[in-house]
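Written out below as structure tokens is the structure these notes cover.
The values are calculated or read from the model by the stated rules, or taken from the named source; none is laboratory data. Worth saying up front: this structure is predicted, and the values here are computed from it rather than measured. Cβ atoms come from the backbone with ideal geometry, glycine included; neighbour counts cover every protein chain shown.
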There are 2 protein chains.
Amino acid sequence: MISLVNSADSALRTRAQRVIPGGLWGHMNAANLPEGYPQYFAHANGCRLTDVDGRSFVDLMCAWGPIILGHRNPLVEAAVHEQSMQGDCMNGPGPILVELAELVVDMVPHADWCLFGKNGTDATTSCVTIARAGTGRRKVLVARGAYHGAVPWCSPSVAGVTEEDRAHLLHYRYNDLASVDAAMERAGADLAAIVVSAFRHDFGFTQELPTPEFAHHLRSVCDATGAALVVDDVRAGFRLDLRGSWERLGVRPDLSAWSKAIANGYALSAVTGRDWLRQAATEIFTTGSFWCSAVSMAAAVATLTELRRLDAPAHMRLMGERLRQGLAERAAHHGLAITQTGPVQMPTLLFQDDPEWQKGSAFCAETLRHGAYLHPKHNMFLSCAHTAADIDAVLDAADAGFRFIAR
Amino acid sequence: MISLVNSADSALRTRAQRVIPGGLWGHMNAANLPEGYPQYFAHANGCRLTDVDGRSFVDLMCAWGPIILGHRNPLVEAAVHEQSMQGDCMNGPGPILVELAELVVDMVPHADWCLFGKNGTDATTSCVTIARAGTGRRKVLVARGAYHGAVPWCSPSVAGVTEEDRAHLLHYRYNDLASVDAAMERAGADLAAIVVSAFRHDFGFTQELPTPEFAHHLRSVCDATGAALVVDDVRAGFRLDLRGSWERLGVRPDLSAWSKAIANGYALSAVTGRDWLRQAATEIFTTGSFWCSAVSMAAAVATLTELRRLDAPAHMRLMGERLRQGLAERAAHHGLAITQTGPVQMPTLLFQDDPEWQKGSAFCAETLRHGAYLHPKHNMFLSCAHTAADIDAVLDAADAGFRFIAR
């Protein structure tokens, strides 16, 4: 069993409190995790992480999504090395940009074109801006509670946000057609876009896959009104379907936002879009100091090529099913009622009758001590580096966690 | 003399037109540069770039700022290699985060704390959001025409931008105290922040250093009203003064935005701030999928340490003075009237009576053919990799450019 002693981590946290507000910004702040979870990591390989106190875990968070082939995947690292020996951040892109753009347009059926950025938020913000530029309208529908990034128009915190930052947002409920229609009525002739997550992956809640009716309804109301359908595939992209998460539903968006897994941890995001928005994408001004850098693009080409070769979603689905079934069996064995939702490649595990996630947190803390890094509230992520043996190791650790809760 | 043939570049541009709107997004689109300028680069080393047609240039753009120690600086690359063998994008930062934050707080006198992002726009947007959260006010003063990023609240393009995106912006003229006072009067008790560039580095115009009166006036009106003074040091940071570009003026901001040169081309940005805004920086939600990644932080620690050791601003000032004096002499020799403005480390060269930059473009095209990559409208950037011999090579190339214009 893994030691509870994490003195190196504690020392770093103390130092960080002095020089970083709250110890750490954003979603990776371990203050939001159960006791014993590390904040600082020393080493990563495949699906395993080692913290600064030398404790090693089978990881089910994959850096909250980016790691899809496993940490330090040899093919990706080789492509990175090769490009970095030539150049990275230059006065323009390398030829790898064209190779990557052609690959993305080839992989993603709705993509007539693409452009690249660094953050998922870059991509979602560009999608909204392109939709407004292309339609000459302003209103944007988003699902209540959905996460689309961390800037004032979409941030979960309203600190520093003005009313005007969200003046043209209207809300619907995921999978609720009537709520979409009501929001559309409020938007009237000014509807620029409907933004929708690949599935409902709200933090701390039961996840919902989009119903076919919902997906087709969004497509048809966008078609009817000339608004852009924007699928936010930042979090789910490349785990469910390499062609885009809604392709299986037979619904193609006008714009999609991508990031996280596109380059196996290298900083890259993308917008893909249809021809009717190509001119709008040219007219907006979106850029960043490092958006033409070649190394992350080389990582993306290597990642996407390997994901295709592996049929990565199928592998992760298989491992995800093994995990889901194993967790269900073990929880039942201990007489515990759990709810597993979301696609199996991005599983969410919640305890029933656990509105404050107390059981979930205690379960995760104990599971961590047995060598598996799970999350008590957020959806988790599988990768191509997870083997059946890794999943079984997670199940063994989870069994200890369940036993602890059952006592 | 360098060949005008750039057939590999042309072929890539043709392919890119199909899959990328307008061929390329943002500031690095070579369609905005004189004929003959390459779009695609194959190789970079020190202060030299090689394009995909094998043409090599002494570079005065430094990737539009990020490259400050020279491309593929051995010390930075060694730090990157060492960190990347351990891990990059994990479930939290590496210990290098704490080391970097301590280094930044140690280097920058106004910095009681810092946080990190990926884009300069991440940093400027966070500054505005923190200022609003910390003051509970909304109005933000920005200089008319200043560039603070590429999202709707600040983008140079208004395509896709709504009126509300800029509802609380008020404008002043750089170095014009009366215009600041007039904007402040309009803001009234609702003034959250004054945002100011390190110097006036507007695209295509004569650059202006801040007058001491202007800088001190901004500080004193912020002190008097409780608003935050925000220096946007994204572009100029670490080239003029390692302590922050306004330190020499005796004016310390409440918040600064940094990016470009902080990690010698690796994607990183930073916000530094004073204690009174620490709580506000904790309350806003700012994050990104790759913001805790360790490799770019290792690059930043190596870069900043080396910049200190070299006294980098002094070196770049020396090389910049050599360049400015040499250009002045050669232009005069050919009977040409040029205007050189901005800090010598970030020089801007404009021809007089050249409102459409026609002379400047022809000069740059000819200078490029003689092996130096200059910009006809934008400020340029020196680096620590530029030696006196490199500057002299630029001057020889520029001499050919001036001769061409004089004919």
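Could you list all residues from region A:273-291 that are in a helix (DSSP H, G or I) and without any contact (Cβ under 8 Å) to a residue 60 or more places away in the chain?
A:THR282
So, restricting to helices (runs of 4 or more DSSP H) that lie completely within region A:300-407, which ones have at least 3 residues that are within 28 Å of A:ALA146 (Cα to Cα)?
Passing ranges, in order: A:312-333, A:358-369.
Is there a residue being basic (Lys, Arg), more than 30 Å from B:SER56 (Cα to Cα) and either outside the structural domain of A:HIS370 (by TED's automatic domain parsing) or over 22 Å from the mean Cα position of the chain (by Cα) (or both) anywhere in region A:47-60?
Yes, the conditions are met somewhere in region A:47-60.
If I filter region A:120-131 for residues that are over 30 Å from A:VAL295 (Cβ atoms) and within 11 Å of chain B (Cβ to nearest Cβ), do I get at least one hit?
yes
Check B:ARG407, B:ARG369 and return the single one that is among the charged types (D, E, K, R) and either touching a Gly at 6+ places or on another chain (Cβ under 6 Å) or over 23 Å from B:ALA30 (Cβ atoms) (or both).
Exactly one residue qualifies, and that residue is B:ARG407.
Where in region A:1-98 are the strands (runs of 3 or more DSSP E), entirely inside, with at least 3 residues that are more than 7 Å from every other protein chain (Cβ to nearest Cβ)?
Here the list reads A:48-51, A:56-59.
Quick test for you: out of A:ASP51, A:ASP88, A:ASP59, pick the one residue that is in contact with a Ser or Thr (Cβ under 9 Å, 6 or more places away or on another chain) and within 25 Å of A:SER383 (Cα to Cα).
The match here is A:ASP59.
Identify the residue in region B:144-168 that is touching a strand residue (DSSP E or B) at 6+ places or on another chain (Cβ under 9 Å) and surrounded by fewer than 24 Cβ atoms within 10 Å (Cβ to Cβ) and, among all such residues, is farthest from the other protein chains (Cβ to nearest Cβ).
Among residues in region B:144-168 that are touching a strand residue (DSSP E or B) at 6+ places or on another chain (Cβ under 9 Å) and surrounded by fewer than 24 Cβ atoms within 10 Å (Cβ to Cβ), the one farthest from the other protein chains (Cβ to nearest Cβ) is B:ARG144.
Take region A:250-266 and flag every residue that is under 13 Å from the mean Cα position of the chain (by Cα) and surrounded by fewer than 24 Cβ atoms within 10 Å (Cβ to Cβ).
If the condition is that a residue be under 13 Å from the mean Cα position of the chain (by Cα) and surrounded by fewer than 24 Cβ atoms within 10 Å (Cβ to Cβ), then no residue fits.
Test of understanding: among B:ALA215, B:ALA192, B:ALA183, B:ALA187, which residue is buried (at least 16 other Cβ atoms within 10 Å of the Cβ), closer than 25 Å to B:SER259 by Cα and more than 22 Å from the chain's Cα centre (by Cα)?
B:ALA192
Collect the residues in region A:203-246 that are outside any helix (DSSP H, G or I), among the hydroxyl-bearing types (Ser, Thr, Tyr) and either without any contact (Cβ under 8 Å) to a residue 40 or more places away in the chain or farther than 20 Å from A:THR124 by Cβ (or both), keeping them in residue-number order.
Residues satisfying the conditions are A:THR206, A:THR211.
Determine whether B:GLU356 is surrounded by fewer than 19 Cβ atoms within 10 Å (Cβ to Cβ) and not hydroxyl-bearing (Ser, Thr, Tyr).
Yes.
It is to be established whether one or more residues within region A:119-128 are acidic (Asp, Glu), in contact (Cβ under 8 Å) with a residue 24 or more places away in the chain and assigned to a helix (DSSP H, G or I).
Yes - at least one qualifying residue is present in region A:119-128.
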